[in-house]
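The values are calculated or read from the model by the stated rules, or taken from the named source; none is laboratory data. The structure presented is a predicted model; accordingly, all values stated were derived computationally and were not measured. Neighbour counts run over all protein chains shown; Cβ positions are idealised from the backbone, glycine included. These accessible areas exclude ligands, DNA and RNA; they are computed on the full protein's heavy atoms, side chains included. Shrake-Rupley method; radii C 1.70, N 1.55, O 1.52, S 1.80 Å.
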Amino acid sequence: MKTFIRAVEVWVPSVDRSILEFGGGLYGTATRFAAISRSLCFGRGEGLPGQAWEQGRPIILKQFDGSYFKRTAAAHAEGITCGIAVPIFAGDFLTSVLVMFCGDDEAHAGAIELWRNDPTVSTDMRLVDGYYGTTADTFEFMSRRTSIRRGNGLPGMAWESQAPVFFEDLGKSARFLRADSATKVGINRGYALPCSVQRDESYVMTFLSALGTPIARRFEMWVPDAAREKLVLAAVSARPAACCRPRRKARRWSAGRAR
């Protein structure tokens, strides 16, 4: 069974912090794409990792052709159709850039969305951009016209808790605001990940997929213990629950604050 996320990689600053170097990756069967990636490096603003570094926020690159992406031919050969880059900061210090690659075809339904709250403009979270692949236009139309309050909906819950949130069945969840539209196009699972940025804004990345195309084979969330000396397992996506959230309150965990 193919997963919606096909490959992941990490890029880390060089010793002099002038470029991003390959820090590791998992590519599955995309061996040629992996070989090309391991030989690359990116300057600030160069390629997908460099753009995330330059802009200091998550980026969804929905189309490789004609863009700044450096590995278009190799990605298309492996069925990779979209890239997501998430810069990870420790305060103002960039520690790495996480890049995820996704793919779809006519047999698979899924979407990737980036939501943002700018407190100078609104108290709500709005869609910045999204990749909807072969998903019907109706769901995209609804998403682009939706405002989400803190604590409401999948992005709003991740925004409020500053922790990942996973829904096993969106259609049965009263807290997923777009359940009817999602069910009609076959989307039934959702995962939301809060992302840190170097500005007074809040970003949440959501991954939505169908039963036949899981987002990934397994999700785990680890949080610091009470003494903040070690990480303990807080939640996994495999358990039979409608919503996968921490078993106890984490101290503002997010992708940008993971250690």
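For T120, what accessible surface area do you get with a 1.4 Å probe? Give it in Å², rounded to 10.
120 Å²
Select from G91, I80, F64 the residue farthest towards the positive end of the dipole of region 1-104; place +1 on Cβ of Lys and Arg, -1 on Cβ of Asp and Glu, and compute about the Cα centre.
Checking the options against the dipole of region 1-104, the answer is I80.
Please report, to one decimal in angstroms, the Kirkwood hydrodynamic radius of region 1-104 built from all distinct Cα-Cα pairs. Write down the numbers at each step before the final one.
Numbers: mean 1/r = 0.0734 Å⁻¹.
Averaging 1/r across every pair of different Cα atoms and inverting gives 13.6 Å.
With +1 on the Cβ of every Lys and Arg and -1 on the Cβ of every Asp and Glu, and nothing else charged, how large is the dipole of region 1-104 about its Cα centre, in debye rounded to the nearest 20? Before the final figure, lay out each step's value.
Working: 10 positive and 9 negative charges, 42 e Å.
The dipole of region 1-104 has a size of about 200 debye.
Keeping all protein chains in position, work out how much accessible area R199 exposes to a 1.4 Å probe, and write it in Å² to the nearest 10.
Result for R199: roughly 100 Å² accessible.
Carbon and sulfur together cover what percent of the accessible area of region 1-125 at a 1.4 Å probe radius? Could you put the intermediate results ahead of the total?
Values: 2850 of 5510 Å².
Carbon plus sulfur share of accessible area: 52 percent.
Could you do me a favour and compute the accessible area per residue for region 1-104, 1.4 Å probe, result in Å²? Walk me through the intermediate numbers first.
On the way: 4510 Å² over 104 residues.
Result: 43 Å² per residue.
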